[in-house]
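A.B. asks: Here it is, the structure in full.
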Amino acid sequence: MRGRGGEWLGSEAVSRLQVVSGKGGTGKTTVAAALALALAREGRRTLLVEVEGRQGIAQLFGAEALPYEERKIAVASGGGEVFALAIDAERALLDYLQMFYKLGSAGRALKKLGAIDFATTIAPGLRDVLLTGKACEAVRRKDKAGRYVYDHVIMDAPPTGRITRFLNVNDEVAGLARFGPIHNQAQAVMKVLKSPETAVHLVTLLEEMPVQETADGIAELREAGLPVGRVVVNMVRPHHLDEATLRAAADERRAEVARALSRAGLGGARRGGLAERLVDPLLAQAAEHASRVELERAQRTVLEQLDMETYELPLLGAGMDLAGLYELASELRKQAGEE
Amino acid sequence: MTEATTGTKSGSGGPRMDAAPRLPVDRLLDDPGTRIIVCCGAGGVGKTTTAAALGVRAAERGRKVVVLTIDPARRLAQSMGIDSLDNTPRRVKGVDGADGGELHAMMLDMKRTFDEIVEGHADAERAGAILANPFYQSLSAGFAGTQEYMAMEKLGQLRARDDWDLIVVDTPPSRSALDFLDAPKRLGSFLDGKFIRVLMAPAKVGGRAGMKFLNVGMSLMTGTLSKLMGASLLKDVQTFVAAMDTMFGGFRTRADATFRLLQAPGTAFLVVAAPEPDALREAAYFVERLAAEDMPLAGLVLNRVHGSGAEQLSAERALAAAENLEEGGIVDQEPGNAGLRDPAAEADAADGGARDGGAEADADTDVHVDGDADVDADVDEITAGLLRLHAERMQVIAREQRTRDRFTSLHPEVAVAEVAALPGDVHDLAGLRAIGERLAAGVPAGA
Ligand SMILES: Nc1ncnc2c1ncn2[C@@H]1O[C@H](COP(=O)(O)OP(=O)(O)OP(=O)(O)O)[C@@H](O)[C@H]1O
Ligand SMILES: Nc1ncnc2c1ncn2[C@@H]1O[C@H](COP(=O)(O)OP(=O)(O)OP(=O)(O)O)[C@@H](O)[C@H]1O
Ligand SMILES: [Mg+2]
Ligand SMILES: [Mg+2]
């Protein structure tokens, strides 16, 4: 039953590599994991990769630290499978040396001298070349029958501020290392990253800085010729009251509110009564809420002007756990299906 | 600790931890012995905001302050007049200088800072060669650790100028607070280290000790590297290293010097965290690390804490009351609901949850009699909304409290200042002042 990416998720149907970026802390890891679950429909297999060496995926799934090895981490609702891999640049470099040069013990000598450390930390972009290279390898990998091993690869990527440089590093390296296997490899990776096979999503909150970063990020990605996917608006809070209603309540209807509180069983509504004393603090909280709603509305307008397709994920009030992740995944499926 | 433990450990019902000691922010700012304040913490918790707010407050309390910000939000930078990137401090206008204080501020330009080091330590020709080197350009534009290194470097420079009596330092938005301490040394040793010397003069290393095998190893290695990175890139690196020759030892030494400055008595670290598991976990690591490094921790700034003026009303009661009102609006007063309006029933309800319920319910028995005639569904709806909002707020407060209790039980000695979450972003002097006042008060307004 497994086959090509297929018929789902509108314009991203063919995007086999889905890269999830966004400002720090907006929910990149969470959204990437939810997307991996959502895309793992019946009979499908997805690979969730992380590249920053933080074991964020393992933490999220409550699993032990991931080794440098692809492992099944979850079964999606409907039966698809999610695999996970924490790509480690040092290991990737050694693999790589092995692949091209059959290095063996010389590889270990390099490691001892700090060359690997040096190479992966300082040598311009080499680290990023290895990380993107590994992800693209997984995208292109086929089994003996010639089918893709993973229907989708989802990358929990570096934040917006570094994403363009990260994905574009292969261009830079292809320029710096003008010949040789690195040059060739870099070009091959770039071909995947700049094709419609890839979509770069940006996660944001309805707050000024993340929205600003999203706008800047989209512009940068486009300028670099990288395919922008969707904006994922995360942690959206329910709106209980709008400002107009609230103002009316605060100005003219305090006594009525007090009586309503009293009717609901919260004490007396007369001046100094329990219910009456709740009115001020409750209205103050509501005023804060209203001004936040106002700010969120302004940020929504900014987002609308970007004219991007979006997903919108609710703030899970009880905090994040596995059940919450499945909830977000089904939300993503629902929103993709609606179009 | 992962999110999974959050819900289970130290459950909500338990007694509150002993309160952590209060961080005396004004005393810290006023003390002429305080020369450097470093604001560190995980990404996005409010380091830049806290640093700027402390700067404003210290200046308005009479000190001559410079704030070194890193990547401030655009509007904040604009409102402080530091949005032009010239890498030197500017006087911030609009700060009250009645007590003789001044505020200067700048935002770090890491590339310029790096360039300036090169220009300051090499003759013009050599400096030109370094600045034009492709490897240098990639390095200075921001590879791992460059920003942290340059922040330390800039701090050292500001301190050396001795123009200010207080320097407030923001730290880069790295994912781990520890990067600020570790990255400069790491970069310093790479730039000065063994490996880079090897690249520069492989023959010398092998020859000197007569260790042939090392020599063989070296050429194998440089050979491999040159295959791997392409000979041209390796050549760039070697040229870069050769040009930097005069500065060898310098990078590590400079990083070490600033590191010592951070251990000096005039330095105070503030760890900033939001009351969330990830941020407080980072804060705990950092607190432990500071102790291990003999670096003086002033305390924890707990930023974006939520409070409520109606904490006596629990989330559960608020939700139940909201449901009451909503049902009342739809189903036109079922008997069960009517029961609630019965004075006796209300007295019970008030007794159950409110502290001084009993006496009051008696006094109030007449209140809703007149309201009964035209029960306004609209008001019920608004009020239910108010109650739901309150229930959400109370849940947030409970969650934050559990998270904090865990930190306090790990580090009961750490002084804490709480800063309430403001409804909007902080992007001007008025906002910074408001944060400063909350920092000094140490407890969230309305709590
Ligand atoms: N929709 C949501 N509802 C509730 N909590 C959420 C939601 N999305 C993310 N979170 C929580 O927000 C925090 C940050 O999320 P996450 O770690 O996914 O962000 P990130 O962008 O990957 O962060 P970093 O930049 O540190 O890698 C986590 O504690 C996560 O559980
Ligand atoms: N107490 C507060 N109430 C409301 N908003 C706040 C508060 N503190 C900070 N903010 C807002 O939170 C956002 C992040 O704050 P800030 O830039 O200071 O964090 P940071 O730790 O410096 O982040 P980074 O790690 O990205 O540098 C800003 O938009 C700021 O205005
Ligand atoms: Mg993450
Ligand atoms: Mg900052």
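The values are calculated or read from the model by the stated rules, or taken from the named source; none is laboratory data. None of these values were measured; they are calculated from a predicted model. Cβ sites come from the backbone with ideal geometry, for glycine too, and all protein chains shown count toward neighbours. Please note that ligands, DNA and RNA were not included when accessible areas were found on the heavy atoms of the full protein model with its side chains. Shrake-Rupley method; radii C 1.70, N 1.55, O 1.52, S 1.80 Å.
Listed here are the residues, each with its yes/no results for (1) within 14 Å of chain A (Cβ to nearest Cβ); (2) buried (at least 21 other Cβ atoms within 10 Å of the Cβ); (3) of a type outside the set (Asp, Glu); (4) at negative phi.
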site: B:Leu76; (1), (2), (3), (4): yes, yes, yes, yes
site: B:Asp83; (1), (2), (3), (4): yes, no, no, yes
site: B:Asn87; (1), (2), (3), (4): no, no, yes, no
site: B:Val92; (1), (2), (3), (4): no, yes, yes, yes
site: B:Gly97; (1), (2), (3), (4): no, no, yes, yes
site: B:His104; (1), (2), (3), (4): no, yes, yes, yes
site: B:Asp109; (1), (2), (3), (4): no, no, no, yes
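A.B. asks: Another one. Condition first: assigned to a strand (DSSP E or B), within 14 Å of chain A (Cβ to nearest Cβ) and open to solvent by less than 50 Å² (accessible area, probe 1.4 Å). Now tell me which residues in region B:265-318 satisfy that. Please lay out each step first, then the result.
C.D. replies: Taking region B:265-318 first, the residues assigned to a strand (DSSP E or B) are B:267-273, B:297-305.
The next check asks that each one be within 14 Å of chain A (Cβ to nearest Cβ); those that pass are B:272-273, B:303-305.
Across region B:265-318, the qualifying residues are B:Val272, B:Ala273, B:Asn303, B:Val305.
A.B. asks: Condition test on A:Ala84, is it away from chain B (no Cβ under 14 Å), modelled with pLDDT of 80 or more and crowded, with 17+ Cβ neighbours inside 10 Å?
C.D. replies: For A:Ala84, the condition - away from chain B (no Cβ under 14 Å), modelled with pLDDT of 80 or more and crowded, with 17+ Cβ neighbours inside 10 Å - is met.
A.B. asks: Pull up region A:298-339, narrow it to residues that are in a helix (DSSP H, G or I) and modelled with pLDDT under 90, then point me to the one that is surrounded by the most Cβ atoms within 10 Å (Cβ to Cβ). Don't jump to the end; show me each part of the working.
C.D. replies: Applying the first criterion (in a helix (DSSP H, G or I)) to region A:298-339 yields A:298-306, A:322-337.
Within this subset, residues satisfying the condition of being modelled with pLDDT under 90 are A:336-337.
Working: A:Ala336: 19, A:Gly337: 10.
My answer is A:Ala336.
A.B. asks: When residues of region A:17-75 are filtered for being open to solvent by less than 50 Å² (accessible area, probe 1.4 Å) and within 16 Å of ligand 4 (Cβ to nearest atom), how many remain?
C.D. replies: So the answer is 3.
A.B. asks: State whether one or more residues within region A:292-312 are of a type outside the set (Ser, Thr, Tyr) and within 11 Å of ligand 1 (Cβ to nearest atom). Steps first, answer last, please.
C.D. replies: Taking region A:292-312 and keeping what is of a type outside the set (Ser, Thr, Tyr), we get A:292-300, A:302-309, A:312.
From what's left, within 11 Å of ligand 1 (Cβ to nearest atom): A:312.
Scanning region A:292-312, I find at least one residue that is of a type outside the set (Ser, Thr, Tyr) and within 11 Å of ligand 1 (Cβ to nearest atom), so the answer is yes.
A.B. asks: I'm trying to understand the selection: among the residues of region A:83-100, which are closer than 26 Å to A:Lys334 by Cα and away from ligand 1 (no atom under 16 Å from the Cβ)?
C.D. replies: Step one: of region A:83-100, the residues closer than 26 Å to A:Lys334 by Cα are A:83-84.
The one that is closer than 26 Å to A:Lys334 by Cα and away from ligand 1 (no atom under 16 Å from the Cβ): A:Phe83.
A.B. asks: Filter region B:23-72 down to the residues that are among the acidic types (Asp, Glu) and within 16 Å of ligand 1 (Cβ to nearest atom) and list them by number.
C.D. replies: Correct list: B:Asp71 only.
Condition check ((1) closer than 21 Å to B:Thr34 by Cα; (2) of a type in the set (A, V, I, L, M, F, W, C)) across all residues:
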{"residue": "B:Gly101", "(1), (2)": "yes, no"}
{"residue": "B:Leu108", "(1), (2)": "no, yes"}
{"residue": "B:Lys111", "(1), (2)": "no, no"}
{"residue": "B:Gly120", "(1), (2)": "no, no"}
{"residue": "B:Tyr136", "(1), (2)": "no, no"}
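A.B. asks: Would you confirm, using the coordinates I've provided, whether B:Leu29 is open to solvent by less than 30 Å² (accessible area, probe 1.4 Å), closer than 19 Å to B:Val419 by Cα, outside any loop (DSSP other than H, G, I, E, B) and within 16 Å of ligand 2 (Cβ to nearest atom)?
C.D. replies: No, not satisfied.
A.B. asks: Let me ask something additional. When the residues of region B:407-439 are filtered to those that are assigned to a helix (DSSP H, G or I), open to solvent by less than 30 Å² (accessible area, probe 1.4 Å) and away from chain A (no Cβ under 13 Å), which remaining residue is farthest from ligand 3 (Cβ to nearest atom)?
C.D. replies: B:Leu429
A.B. asks: From the list B:Thr88, B:Thr69, which residue is among the polar types (S, T, N, Q) and away from ligand 4 (no atom under 13 Å from the Cβ)?
C.D. replies: After applying the criteria, what remains is B:Thr88.
A.B. asks: Restricting to region B:118-172, name every residue that is of a type in the set (D, E, K, R) and in contact with a helix residue (DSSP H, G or I) (Cβ under 7 Å, 6 or more places away or on another chain). Talk me through it step by step, then tell me what you get.
C.D. replies: Residues of region B:118-172 that are of a type in the set (D, E, K, R), as a first pass: B:119, B:123, B:125-126, B:148, B:153-154, B:159, B:161-163, B:165, B:170.
Within region B:118-172, B:Glu119, B:Arg126, B:Glu148, B:Glu153, B:Lys154, B:Arg159, B:Asp170 qualify.
A.B. asks: Then there is this: Which condition from (1) outside any helix (DSSP H, G or I); (2) surrounded by fewer than 18 Cβ atoms within 10 Å (Cβ to Cβ) is the one that B:Val169 breaks?
C.D. replies: (2)
A.B. asks: Continuing with this model, one more query. Go through the residues of region B:97-104 one by one and say whether even a single one is within 16 Å of ligand 4 (Cβ to nearest atom) and in a loop (DSSP other than H, G, I, E, B). Let's see the steps before the verdict.
C.D. replies: Going residue by residue through region B:97-104, those that are within 16 Å of ligand 4 (Cβ to nearest atom) are none.
There is no residue in region B:97-104 that is within 16 Å of ligand 4 (Cβ to nearest atom) and in a loop (DSSP other than H, G, I, E, B).
A.B. asks: Considering only region A:194-266, give the helices (runs of 4 or more DSSP H) lying wholly within it that have at least 3 residues that are in contact (Cβ under 8 Å) with a residue 24 or more places away in the chain, facing another protein chain (nearest Cβ under 7 Å) and buried (at least 20 other Cβ atoms within 10 Å of the Cβ).
C.D. replies: none
A.B. asks: Would you be able to say whether some residue in region A:142-155 is within 14 Å of another protein chain (Cβ to nearest Cβ), in contact with a Lys or Arg (Cβ under 7 Å, 6 or more places away or on another chain), modelled with pLDDT of 90 or more and crowded, with 22+ Cβ neighbours inside 10 Å?
C.D. replies: The answer is no; no qualifying residue exists.
A.B. asks: Hey, another quick one. Regarding B:Ala58, is this residue within 13 Å of ligand 4 (Cβ to nearest atom) and in the same structural domain as B:Leu432 (by TED's automatic domain parsing)?
C.D. replies: On the way: within 13 Å of ligand 4 (Cβ to nearest atom): no; in the same structural domain as B:Leu432 (by TED's automatic domain parsing): yes.
No.
A.B. asks: While we're looking at this one, here's another question. Quick check on my filter: what residues within region A:30-67 are within 11 Å of ligand 1 (Cβ to nearest atom) and more than 14 Å from chain B (Cβ to nearest Cβ)?
C.D. replies: Correct list: A:Val31, A:Ala32, A:Ala34.
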